[in-house]
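All remarks here apply to the structure that follows.
The values are calculated or read from the model by the stated rules, or taken from the named source; none is laboratory data. Note that the structure is predicted; figures quoted are calculated from it, not measured. Glycine also receives a Cβ, built like all others from the backbone with ideal geometry; neighbour counts cover every protein chain displayed.
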Amino acid sequence: MTSAPSQSRPSLSPYIRKILGAVAKTVFVIGLTALLAEGAYRYYLSSIVAEEVSSRFKPSGEPSFGAYGIAPWIFDRQQGFSYETRPWWTAVFKDGAFDHCGPGGQGNQIGNYGRMPDDFADADIRLMFVGSSYSQVGDGKGRLVDQVLAERLSKRLNRKVRALNFSRDATGVLNYVDTARYKVDEFKPHVIIALINVVALTYRRHWRIVPAEDNGFRRMFFSLDPVPVPTDPARAVPQPIVISDKITREWCAKMEEARTRRDDDVLRNDPLVKALIARHYRLQRDAVMPQILIDFWRPDASFTLNLVLTGDPFDGMTMFADQPIYAPLTLDRYTDDPDFNVSVKHLKAVGVPFIPVHIPTLSEMRKGPDGPFEFAGSGVPPRRGASLTTDLEQALNEPFVNLYRYYASEQKSDPLRLVHSATNSHPSPVGVVAMAEALERMLLEHPRTAHLFKRSD
């Protein structure tokens, strides 16, 4: 048999090959040019964004700040955090030099701030407070509101009244209910009083963690997750607080001696002093510099094409990360939070009254004789604020108490005396006593507590 003659492919003419080659070269040159232009433009964009961000930090040549040798906060999965029971030894720097050392406070034996009564378990009436920094302020004698109230009630009733104060600064309602749930069985209070200022309505839960870093430093984070070490930078916000294990009593004694002999060289150039100042600069810089989310070398988008088509090279992209800790609660109802419902269910099963008490700000004091909630003035969306307060009342089956209603009329005549300043509504020393007196009047007549407060003759 003879095989069929092979068929050869038709060949391109030299002219066509020349044209195709020219086209390929042109496409390659255009593509390479576009790629190089895109790369150069991305480098330019990354440079100007970095420059803009870095310009936000202007360090002081001789800073004044404080630094902790022992961090005040201990991670607590149930409460968010507790306070370190050892003295919070601190070093203070003024105008770029060591100034002095000293104790910066300490937590009591159960990790709360303030005095812990030794005989709480044996008291005739046991009170438990949850709240924020508004209930962590001292009167003229350094007593917090719980201690002032317990002393007043003990004297009035001739009975032993004691109180525990589980207040934590910068916390809100979700933390308060969780803390009450986890501590009610252990301490068996007769009444739980939640002292709630308006912004505490929308605070998210947070945990405080203080992991170790290099060279003896520690970094404090506000975390949205109950983990002892931050794992997701979008869920944990570092705080600009200098903490170093090297600030010891021995080091402080050495520096105090240098200050006594007026050795300015040591006060400014001691290796730890210089390291602490450098750390202060770094943390301050980090605090004002937002986290840049954009990946300038991402392969799935063209910054140049965005500019041509929309006029914005960052179209459809998020430039900076939000600070999730400081973003307000987005829920309109606490009952949409599963853990909140578990806590409320437990408190109802135990049967201890949980009374929500509204602590007024200066503007709320000036608004009316009862000091009603003023949402908008404190940055709380009015609709959300009203929804949250109503939902909390319904969940607890307890109406809010506007505490200002129970303040004495002479105190209401000058509400500015009751707060720290016109721009800071934390209670003044006078305001702490006024708050305690108002709580006393409230408890004596509240339908859930009046029966407890009978005088023992």
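Number of residues in segment 237-291 that are in contact (Cβ under 8 Å) with a residue 40 or more places away in the chain and of a type in the set (Asp, Glu): the value is 5.
Scanning segment 258-273 for residues that are of a type in the set (D, E, K, R) and either in contact with a helix residue (DSSP H, G or I) (Cβ under 8 Å, 6 or more places away or on another chain) or under 14 Å from ASP99 (Cβ atoms) (or both) yields ARG259, ARG262, ASP263, ASP264, ARG268, ASP270. Can you tell me how many residues in segment 57-95 are buried (at least 17 other Cβ atoms within 10 Å of the Cβ) and either out of contact with any Phe, Trp or Tyr (no Cβ under 8 Å at 6 or more places or on another chain) or of a type in the set (Ser, Thr, Tyr) (or both)? Residues that pass the stated criteria total 4. Residues that are in contact (Cβ under 8 Å) with a residue 60 or more places away in the chain, in a loop (DSSP other than H, G, I, E, B) and crowded, with 16+ Cβ neighbours inside 10 Å within segment 361-395 comprise THR361, PHE373, GLU374, PHE375, VAL380, listed in sequence order. Across segment 67-111, the number of residues qualifying as under 17 Å from VAL273 (Cα atoms), modelled with pLDDT of 95 or more and among the aromatic types (Phe, Trp, Tyr) comes to 3. Residues that are part of a strand (DSSP E or B), in contact with a Gly (Cβ under 8 Å, 6 or more places away or on another chain) and among the β-branched types (Val, Ile, Thr): does segment 414-424 have at least one? Looking for residues that are part of a strand (DSSP E or B), in contact with a Gly (Cβ under 8 Å, 6 or more places away or on another chain) and among the β-branched types (Val, Ile, Thr), one finds at least one in segment 414-424, hence yes. Which one is farthest from ARG455 (Cα to Cα), of the residues in segment 153-183 that are surrounded by fewer than 20 Cβ atoms within 10 Å (Cβ to Cβ) and not charged (D, E, K, R)? The residue in question is ALA170. Of the residues making up segment 339-351, at least one is among the polar types (S, T, N, Q), at pLDDT 95 or above and in contact with a Lys or Arg (Cβ under 6 Å, 6 or more places away or on another chain). Starting from residues that are in contact with a helix residue (DSSP H, G or I) (Cβ under 9 Å, 6 or more places away or on another chain) and free of Cβ contacts under 8 Å to residues at least 40 places away in the same chain, keep the ones in segment 408-419 and report whichever is surrounded by the most Cβ atoms within 10 Å (Cβ to Cβ). Out of the qualifying residues, it is GLN411. With the structure loaded, tell me whether ALA150 is surrounded by fewer than 18 Cβ atoms within 10 Å (Cβ to Cβ) and part of a helix (DSSP H, G or I) or whether it fails that test. The answer is no for ALA150. Restricting attention to segment 345-354, does a residue exist that is hydrophobic (A, V, I, L, M, F, W, C), assigned to a loop (DSSP other than H, G, I, E, B) and surrounded by 15 or more Cβ atoms within 10 Å (Cβ to Cβ)? So far as segment 345-354 goes, yes, one or more of its residues are hydrophobic (A, V, I, L, M, F, W, C), assigned to a loop (DSSP other than H, G, I, E, B) and surrounded by 15 or more Cβ atoms within 10 Å (Cβ to Cβ). Could you tell me whether any residue of segment 234-243 is surrounded by fewer than 21 Cβ atoms within 10 Å (Cβ to Cβ) and at pLDDT 95 or above? Looking for residues that are surrounded by fewer than 21 Cβ atoms within 10 Å (Cβ to Cβ) and at pLDDT 95 or above, one finds at least one in segment 234-243, hence yes.
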